[in-house]
Each structure stands twice: as structure tokens, then as C-alpha cells.
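So the structure is just underneath, and the comments pick up after that.
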Amino acid sequence: MITLENINKRFGAYPALHGADLEIRDGEFIALLGPSGSGKTTLLRIIAGLEQQDGGRVLFDGKDVSATRVADRGVGFVFQHYALFRHMTVAQNVAFGLSVRRRRARLSKAEIGAKVQELLGLVRLEGLGDRLPAQLSGGQRQRVALARALAIEPQLLLLDEPFGALDARVRKDLRRALRDLHRRMGLTSIFVTHDQEEALEMADRIVVMNNGQIEQIGTPEEVYTRPATPFVAGFVGETNLLPAGLFGAGGGDLHLRPHELEIGERGAPLAVANVFRKGAVWRIEGHLAGIDRVIEIDSDAALPPPEVGATVLVAPKVTRVFA
Amino acid sequence: MSGALVVRGARRGLLARAGATSESGPTKVLLIGVALVFLALFLALPLAVVFMEAFKGGLAVWRAAVSSDDARAAIRLTLLVAAISVPLNMLFGLAASWAIAKFSFKGKSLLITLIDLPFSVSPVVSGLIFVLLFGMQGWLGPWLRDHDVKIIFAVPGIILATVFITFPFVARELIPLMEAQGRDDEEAAVSLGASGWQTFWHVTLPNVRWGLLYGVLLCNARAMGEFGAVSVVSGHIRGETNTMPLHVEILYNEYDFVGAFAVASLLAGLALVTLVAKTALEWRFNLHAGGRH
């Protein structure tokens with residue numbers, strides 16, 4: 001179990017993290033989700049020991065590792081830009097963690113070779129052991145980085161924006177591969193992402209971060225359907241921010257997903273500016289009087305959509321108000 | 001969008017002849033011509049003159065000039081100075097750039113400025129600094145004399161001045177390279193359990209090897225060719241404290257032009273070898289740098 005207690009970190013005058021508390025159970029797959037500058041990568045690096053927190057404690061299975069060096073924490077770290085050693089072959093990269101061990105703890109050359117082959121098989125890179133990183137595609141490099149991190153048999157796998165530098169197609173394949181790998185190995189894993197879709201799709205639990213603070217911790221379902229703060233509502237999934245008074249529902253703001261608004265006989269008048277098909281629904285974009293944001297509504301694709309330029313009535317199906 | 005199309009249409013006549021980003025024919029010829037004339041006049045011609053003058057009296061005369069006792073002593077001393085100062089500055093440069101590029105600490109920008117100091121100070125002044133420090137009238141002069149240590153007008157002074165002058169070459173080459181490479185590779189190595197020394201030896205050093213070699217090459221060229229600072233501290237004692245550049249000057253002042261140009265041709269030859277090696281390295285270097293990501 002990984003426990004973070006009241007983690008604080010400043011970079012000069014800039015507070016990167018304040019008072020982050022988090023508990024991660026063994027075998028969990030956790031996403032640290034937030035916009036850039038939210039402190040998610042800093043938190044990941046503090047867990048790894050690549051960054052030292054200014055205050056608070058990091059506990060691995062109840063043991064304070066705050067003063068433990070990176071090398072001794074037993075974490076596998078996968079960097080956003082892979083950080084492969086470019087003068088070494090793929091096999092040498094994967095073997096690195098095993099071959100720098102103290103002589104007494106080191107496996108024999110043959111054992112290391114076998115282990116490397118096993119790992120390359122695990123990430124489906126059999127036969128590419130002799131290539132240099134420069135000869136691989138982005139997705140393949142990311143797999144090498146993953147195999148290299150797994151080689152030291154870490155008790156915790158940390159991934160910093162693991163799919164950030166890849167194109168959409170490769171990203172999807174690799175996401176699936178990583179999730180399968182996690183299921184098979186049951187290795188406690190934490191990954192950083194700014195992509196809410198990625199977090200919702202892959203994680204057992206999502207930690208939503210903003211401005212150096214944790215806004216909400218919950219399963220993807222909880223975070224999506226019951227956002228704890230306006231920030232979470234706005235960041236996870238698409239949200240329309242509407243004054244409740246518009247629909248005679250009292251004060252405060254309503255945070256409504258596009259599918260939580262409906263076009264019908266009642267509600268506020270919306271000037272339709274754009275209509276297009278978004279998968280299985282019509283996405284209708286338009287303007288409400290007195291609000292300068294674009295309002296997004298999803299409506300049943302089986303029904304004919306309103307015409308651009310028309311004015312329709314819009315009402316919420318549910319109410320969600322933050323104090 | 002339509003605006004760009006209009007512009008493109010109006011310039012079609014010109015663009016038909018040359019690509020969108022290249023100059024028109026006459027301009028191109030003129031610019032290349034000027035550059036070539038400049039190169040020939042200021043670089044190729046002097047180089048040719050050096051070799052022509054050196055071999056004016058024939059190969060035998062050239063050989064005699066470069067194998068006289070004084071010339072041999074000057075060559076030996078130059079090689080000795082380079083053999084000591086280049087490895088030293090390779091170590092200093094590596095250490096300084098490793099510290100600057102991979103760690104954050106107070107006084108970092110001051111350190112970078114200090115590394116550049118030998119570039120910004122006139123070599124003659126650099127030489128004078130050592131005279132003021134270690135010379136008879138200098139701060140440490142009396143103490144050195146009492147302990148029978150000779151630095152100024154002796155080989156140690158020449159080595160000190162050369163080390164000072166050539167200090168920035170390796171560091172200047174490595175700092176931008178290491179900074180561009182960032183700390184990811186080192187952090188990856190450390191997270192995989194490598195010690196600091198293993199990280200340096202297996203990751204950092206291989207990552208900068210071509211840049212390091214390039215810096216060492218430039219450092220060596222300057223160490224062998226340095227005139228100003230060495231001239232101030234050497235004392236020009238023939239056969240003892242004359243390096244090749246100083247020897248060339250002495251011969252020239254004595255109207256021994258063939259001898260002067262013969263020794264100069266060795267230095268020019270070194271420069272050519274350095275240039276070829278540098279080009280070859282740059283080619284390797286770019287090949288490597290381009291292979292990232």
C-alpha cells in the first residue's frame with residue numbers, strides 16, 4: 001500500500017503541491033488526472049523519489065521512504081519521452097537495471113538474456129532486441145521503456161503521460177496493452193494524464209488534481225456522474241455551466257452534461273448555431289440569451305435535429321448545483 | 001486563405017523559375033560568388049602562401065628547417081603542453097558541464113560566466129595575470145623563489161597559461177548539448193538502480209561522446225596554436241621555453257622566412273587535420289543527434 005500524507009512542494013515561489021493526501025491499495029491502477037501545472041507529474045515524481053517533497057511523508061507499506069533513494073525504492077518509472085539510452089540496443093536497454101546491480105545480487109549473463117527475452121515477449125517486441133531505439137516507432141519505444149521498467153521487478157509502476165507523444169491509433173492499442181498487462185501482473189500502477197478519456201477508460205480510481213491540490217478521488221463512475229467540485233465537473237467530461245435562475249430553479253450554477261439537457265416544449269430559448277453528428281447522437285451547439293459560452297446539447301439521433309438558425313426551447317433533465 | 005492565394009498568383013512568374021523559398025538566379029550567383037571570393041582571399045590564399053613559402057627551397061630545406069634542434073625542441077614542448085593541458089581541460093570541462101547541465105545550485109550563472117572568462121579576456125592579459133601571480137615581483141613570487149619553484153619563464157607557466165586559455169572549449173561544447181538532452185536519461189538510469197558513477201559512465205558520457213571529442217579537438221588546436229598568453233609567460237628561451245608559434249615568430253623576426261614558414265606549415269597542417277576531423281565528427285554528431293526520438 002502506498003500512502004501519501006500532506007505532501008507539500010514548492011518550486012521557488014511557485015507552490016506545486018499543497019496538502020496532498022492519498023492512499024493507494026495494492027494492485028490498483030490509479031490515474032492522476034489534471035491540466036498542466038496541476039501538480040500531477042510532481043506528485044508522481046515525489047512518489048518515485050525523483051523529487052523531494054518539502055513537507056509530508058511518503059509511506060510504502062507503512063514504512064516511511066521519504067529519505068530512501070530512488071534506486072532503493074523499487075519503482076519502475078516510464079518517462080513521457082521514453083528516455084531510452086540511445087547508444088544501447090533494445091536488449092541492452094531492457095537489461096540495464098539488471099546489469100548495474102552489485103555483483104553479488106546480479107544474475108548471470110545467460111539469466112539476464114533469458115529475462116530480457118521474456119520481457120520483450122511480454123510487450124510483444126520479440127526479435128527487435130538488436131535494434132537501436134532510433135530504429136523503432138514511437139509506440140515500440142514506449143514498449144521498450146515499459147519492459148525496461150518492469151525488468152527490475154518493481155513493487156510499483158509509475159508512468160508519466162505514457163501515451164502523450166503517440167498518435168491516436170497507437171495510443172489506443174497501447175492503452176489496451178497496458179490495461180491487459182496490469183490485469184495479468186496485478187502490479188500497483190499510477191499513471192499521469194491530462195486526457196480524461198484515458199483516465200476514465202483505464203483507471204480503477206481517478207485522482208483529479210488542480211492547482212496543486214487533489215479535487216476528488218473516486219472510481220471513473222463516481223468522478224463522472226458525481227463530480228465533487230465545479231472543477232471536476234468541468235474537467236471530466238463536457239459540461240455546460242448555466243445559471244440555475246434561467247430555468248427558475250433558484251440560485252447558483254448548474255453543471256450539466258450535453259446529454260443532461262433536452263430540447264422540448266419548455267425551458268430557455270436557444271439559438272441553434274451548429275448541428276453535427278457525434279457518434280450515436282446529434283450534437284447541437286447554440287447560444288442562450290445573456291451567456292457568451294457555447295451551449296452543447298446531445299439529442300437522440302433517431303429524431304430529426306433542429307435546423308441551424310432556428311430557436312428551440314432547452315430544459316435540464318437533472319439538476320446539479322455546487323454551493 | 002484567399003489572401004494567400006492572391007499573393008501566390010501575383011508572384012507566379014517569379015516562382016515558376018525558383019522554388020518558393022529560394023532567391024532568383026542572378027542574386028544567387030552574386031551571393032555565392034561574393035562568399036567564394038572572400039573565402040579564397042582570406043582563407044585559401046594565406047594557407048596556400050604558407051605551404052608555398054615553406055616548400056620554396058625544396059623538400060630537403062623544409063626537412064632541415066623543421067628538424068633543427070630548436071625546432072625539434074619547440075615541437076616537443078608544444079606536444080608536451082597539449083598532452084598535459086588537453087586531458088586536464090577535458091576533465092574540467094566534463095565536470096563543469098555535468099554540474100551545470102544536470103544539477104541546480106546557487107551561483108550557477110556565475111560559474112557559466114567564469115567559464116567564459118578566458119574567451120572574453122585578451123590572451124595577453126591572461127598571460128600577465130600569471131606573471132602578476134607567480135612572477136618575481138608577483139604575489140607568490142618571493143615564496144616560490146624561496147622554495148626554488150620556477151613557474152614564469154618556464155614550462156609550468158606555459159602549461160598554466162594554456163590550461164587557462166583553453167578551459168572553455170570542452171565545457172562550451174558540452175553544456176548546450178547536455179542541457180538539450182535534459183535529465184531524463186539520468187533519472188531513468190537512477191530509477192533502474194544505477195549508482196551516480198554508473199549513470200555517468202554508462203549513460204551521460206556515451207550520450208555526449210561525439211560532442212566531447214569535438215570539444216577536445218578544438219581545445220587541442222588552440223592549445224598547440226596559442227600565442228599571446230604563452231608569449232607573455234614563456235620568456236622566449238630557445239630550446240627551452242619556445243613553443244611552435246613562438247618559434248615561428250622568432251625565426252620570422254630573424255628574416256629566416258623559409259624556416260618560419262616551414263614550422264608554420266606544420267601548424268597549418270594541424271589546422272587542416274583538425275578541420276577534416278571536425279567535419280567528420282559533425283557529420284557523425286548530426287547523424288546521432290538526428291536519431292533521437
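The values are calculated or read from the model by the stated rules, or taken from the named source; none is laboratory data. Nothing here was measured: the structure is a model prediction, and the numbers come from that model. We place every Cβ from the backbone using ideal geometry, glycine too, and count neighbours over all the protein chains shown.
Of all residues in segment A:168-190, those that are among the polar types (S, T, N, Q) have Cβ atoms under 6 Å from Cβ atoms of residues that are assigned to a helix (DSSP H, G or I), 6 or more apart or on another chain, in A:189/A:182. Checking segment B:208-226 against the condition returns a match, with at least one residue being over 17 Å from residue B:166 (Cα atoms), within 14 Å of another protein chain (Cβ to nearest Cβ) and not hydrophobic (A, V, I, L, M, F, W, C).
Okay, residues lined up against (1) modelled with pLDDT of 90 or more; (2) under 24 Å from the mean Cα position of the chain (by Cα); (3) in the same structural domain as residue B:210 (by TED's automatic domain parsing); (4) part of a helix (DSSP H, G or I):
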site: B:105; (1), (2), (3), (4): no, no, yes, no
site: B:138; (1), (2), (3), (4): no, no, yes, no
site: B:175; (1), (2), (3), (4): yes, yes, yes, yes
site: B:187; (1), (2), (3), (4): yes, no, yes, yes
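Table: residues versus (1) touching a Ser or Thr at 6+ places or on another chain (Cβ under 6 Å); (2) surrounded by fewer than 23 Cβ atoms within 10 Å (Cβ to Cβ); (3) at the interface with chain A (Cβ under 10 Å from one of its Cβ atoms).
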| position | (1), (2), (3) |
| --- | --- |
| B:184 | no, yes, yes |
| B:188 | no, no, yes |
| B:263 | no, no, no |
| B:275 | no, yes, no |
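Residues of segment A:168-188 include none that is more than 17 Å from residue A:204 (Cα to Cα), hydrophobic (A, V, I, L, M, F, W, C) and modelled with pLDDT of 90 or more.
Whenever a residue of segment A:126-139 is within 8 Å of chain B (Cβ to nearest Cβ) and touching a residue at least 60 places away in the same chain (Cβ under 8 Å), it has no partner that is part of a helix (DSSP H, G or I) and of a type outside the set (Val, Ile, Thr) lying with C-beta atoms less than 8 angstrom away and at least six residues away or across chains. Going through (1) acidic (Asp, Glu); (2) under 30 Å from residue A:5 (Cα atoms); (3) assigned to a loop (DSSP other than H, G, I, E, B) one by one, residue A:292 falls short only on (2). Taking the stated definitions as given, is residue A:107 within 26 Å of the chain's Cα centre (by Cα) and either part of a helix (DSSP H, G or I) or on the phi < 0 side of the Ramachandran plot (or both)? So residue A:107 fails the test.
Considering only segment B:227-250, state which residues are polar (S, T, N, Q) and either outside any helix (DSSP H, G or I) or within 14 Å of chain A (Cβ to nearest Cβ) (or both). Hits for segment B:227-250 are B:241, B:242, B:243. Residues in segment A:238-286 that are over 15 Å from residue A:318 (Cα atoms), in a strand (DSSP E or B) and under 32 Å from the mean Cα position of the chain (by Cα): A:274, A:275, A:276, A:277, A:278, A:281, A:282, A:283, A:284, A:285, A:286.
For segment A:156-177, filtering for residues that are in a helix (DSSP H, G or I), in contact with a helix residue (DSSP H, G or I) (Cβ under 7 Å, 6 or more places away or on another chain) and surrounded by 17 or more Cβ atoms within 10 Å (Cβ to Cβ) leaves 2.
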